[in-house]
Amino acid sequence: MHEVSEAARPPRQAAILAGAVKVFFQFGYRKTSMEDVAAAAQVSRQTLYLQFHDKERLFRAALEYVTEQMLVSIKSLAANKKGTVEQKLMGVFEALCEDSLALSSQVNIAELVVVARSQMESIVSRFEADVLSVIADILTQAGTATRWERHGISAQELALHLLDTSAGVKSATGNLSDYKQRMALAIRIIVKGANGRKT
């Protein structure tokens, strides 16, 4: 991922990218115009075009920006010594989905995912690998992964299962309250499960 810390990013560019993320979530890729982003970021169209020559470049930069922000957030949650493993995991999944579920429709989310995967697969793949690693580390540090390993299931597999569950729940519910409720149950099953004998 193109690592640019918040401090290294010019304030105007960060404001534009934050506005772009909101607009892309609100309208989806196809319906978002550069004019919409300029208005949301409170800059002129000329300023926007000087920094990002077209919508594709703007979307790429916005995707890098939002994935960087989410990764910083989830790493901070994972490093926090307070809270249970369930609370840490729930915090990670809320950080991953809260903005998109609060600001976007299921149709827009689906469209954004398709565009991101088709045009910016490397950004998406690196981000998913980083998130997978953070979740696996949380499960390992809590001892949850060790219990599952006795049953032939690794920390990476558990993390991938939770990520896949999150994607399915997000797609099925489309609202934050239902998402949180279903993910809390999925997390509880992983954390409390695998206490029995090996089968």
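Every read-out reported here was derived from the displayed coordinates using simple, explicitly stated rules and does not represent laboratory data. Bear in mind the structure is a predicted one, so any value in this text is a computation, not a measurement. Positions of Cβ are backbone-derived with ideal geometry, glycine not excepted, and every protein chain shown enters the neighbour counts.
If you compute Cα Rg over 2.2 N^0.38 Å for the structure shown, which of (1) 1.12; (2) 1.24; (3) 0.96 do you land on? Correct label, based on the coordinates given: (1). You can think of it this way: the chain between Val107 and Arg9 has 32.2 nm of extra reach, that is 0.36 nm per residue less the Cα-Cα gap. Overall, the chain carries a charge dipole of about 540 debye about its Cα centre when +1 sits on the Cβ of Lys and Arg and -1 on the Cβ of Asp and Glu, all other atoms neutral. Calculated mean residue ellipticity at 222 nm for the chain: -26000 deg cm²/dmol, from DSSP H runs with n ≥ 4 weighted as -39500 (n - 2.57), summed, divided by the residue count and rounded to 500.
Counting Lys and Arg as +1 and Asp and Glu as -1 over every other residue whose Cβ lies under 14 Å from the Cβ of Gln51, the net charge comes to +3.
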